[in-house]
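Step one of this worksheet: look at the structure below.
Every read-out reported here was derived from the displayed coordinates using simple, explicitly stated rules and does not represent laboratory data. Just so it is clear, the structure is predicted and the values come from calculations on it, not from any experiment. A quick note on method: Cβ atoms are made from the backbone with ideal geometry, for glycine too, and the neighbour counts reach across all protein chains shown.
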Amino acid sequence: MLILELSSPKCLGSVKGQRAMLESDKLRLHPGLKQLLTEAIHALARLDADRLEELALSCHALNRELTLFDPERRALLAQQAREAAAEMVVFARVLEATHANLSVMTKVRQLHNERLEYAEPPGRGWTRTESGYGHN
Amino acid sequence: MGTISSALSLITQGLDADQAALNTVANNVANANTTGYTEETPNFQENDPVNIGGVSYGAGVTETGATSARDRVLTERLDQQQQLASASTSRLAALNTLQALFTPDSGSSTSTSGDIGSDLTGFFDSFSSLEANPSDNSLRQDVLSTATTLAGDVSSAASSLNAQRSALDEEASGVASQVNALTGAIAQLNTQIQSTDSSGDAGTLEDQRQQDISQLSQLIGINQVTTEDNGLSITTTSGQLLVSSGSSNQLTTGTVGGVTHFFVGTTDVTSQLAGGGGTLGGYLTARDQDIPSALNSLDTLAYNVSTQVNKLNNAGTDMAGDNKDAGNIFSEPAQVAGSAAAMSVTMTDPNHIAAAGLGEGTGDSSNAAAMANLASQAIVDGQTPTDYYSNFVTTLGSTVSEVQTENTAQTASVTQLQTQSNALSGVNLNDEASAMTTFERSYQAASQVFTILDTIMASVLNLGSQATVS
């Protein structure tokens, strides 16, 4: 079991920060890294940005506290790290796929906007749902 | 088995692979530049159209807004990822079946193929026991008994592998007719879409075509090329033309080397289909790569154990005090291929076991010792029999794990694209921008999670990085 103690919660002032603190509290009570990674993989698949940002803040908090860990806790965390290696590889692969997916969408949106800006109005008997052409 | 350092190495490779991912993106974006992708078309709900005078009318068909080029590219990207996910799903299912064959069944009272590792140990141990008391008939019987168990489990495993290969072959063969039905339907829809008057709409027909393409993507790896008149050409990922405007090329099958091969025209595209994706790709990879590899390992093991044990028994003295009847314990394999399936015990009389050395009396056990020592000699591809088998099982486990990782990542990617597709369906540009922002936020946050955890893991495992990422 991973035992993390946040000694400086004041650094997380926002609501999101408080939620992240709760996440970190969860880490204190449950096996951490493997579960965290599994959750991150699922959240990324669902594009759950809020959840991912909470997890990122939790990881920041964990990282800050890491220097305060005694050897026993570091050993526990090292054990968790070894057990979570496979999930880390999966996460890397999902992240890689996300990067490719995002790049496709970004470029297509760019092309889409350029077309809206420069294209002739279509003459196929239908109307746009947007109020007009050009910048949006 | 993989270690944390090898896992982190894989992660680094994953990040390096970003460039490869970008190349994939470049191809997709290149497609986006074609007329078919950049032209905006109205979006209609899913009712069948009625064609009057070349113009399609659909009862209840309503325009729900502009569908931009984005949707087609997103759909194509989704299809592409679906092909990969389908391939790894079908391959993973086959690999899991394969792995189960070599997993010991602790609840079974009878020996199975999963017990080959312990069978090997038991067989060589029986010679060690015989070495202590070479004239003991029960110990001699025990040698034949353990040999029979080993040979039975090895040949049973080989039979199961061959049966699994046949089942996969049948499954693969059945995919061809599904592919042909879909490519025929797509060609027909192409004709209908292209013959639609420019003042009419082909929205529903295009939706039908897209559904067929999505189904086709789950079966085989394909590339799509949109033509200017809103037609569509489809090729296999290796470039064999399956659909061109209103015509389709059939995927035909024929038996080559005892298994089904696939042809487009006269060209054998089996190996290309195996690497191309889709369910068929997964079946073919398992049929032509994973199972033959496992069979080859078993054949190598069976061949070397049989020939080495036979060779020693033929060179010793049996209970009759001579070498006359000290023949083969196992059936002598003629070649490596097929050795596992044919492995059996030919010796029936335990007195023919040559425990004594050549020219020695029956009380000698030097030849039994030599046969027991085979367990620790590198007689199978430079490894001991048990090490060879253990490495085979470990390699199989690694392959399963690797494909499982691929499948999880690909399935996540498909889910992600479906999420994005749902978020973008029938929305205006403001909503589209919001969906993109969510996508970007998700990626940024996930990147942070990854980077920080990577640093933490490296730190706690003393891999050289110091923690605290700002």
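Quick notes
- Note on B:THR255 and B:LEU358: their simple-model spin labels are 4.6 nm apart, each label 7 Å out from Cα toward Cβ.
- Separation in nanometres of the label points that stand 7 Å from Cα toward Cβ, at A:ASP50 and B:ASN137: 8.2
- Likely footprinting exposure, B:PHE439, B:PHE330, fewest C-beta neighbours within 10 Å first: B:PHE439, B:PHE330
- Cα-Cα P(r), segment B:328-400, percent of pairs per 5 Å interval: 3, 13, 13, 19, 21, 14, 8, 4, 2, 1, 0
- Extension gain, B:LYS311 to B:ALA433, is 36.3 nm, computed as 0.36 nm per intervening residue step minus the present C-alpha separation.
- Partner shielding of A:34-44 amounts to 3, given as the average count of beta-carbon atoms from other chains within 10 Å of each residue beta-carbon.
- Inter-part distance where segment B:75-133 and segment B:289-315 are each reduced to a Cα centre, Å: 17
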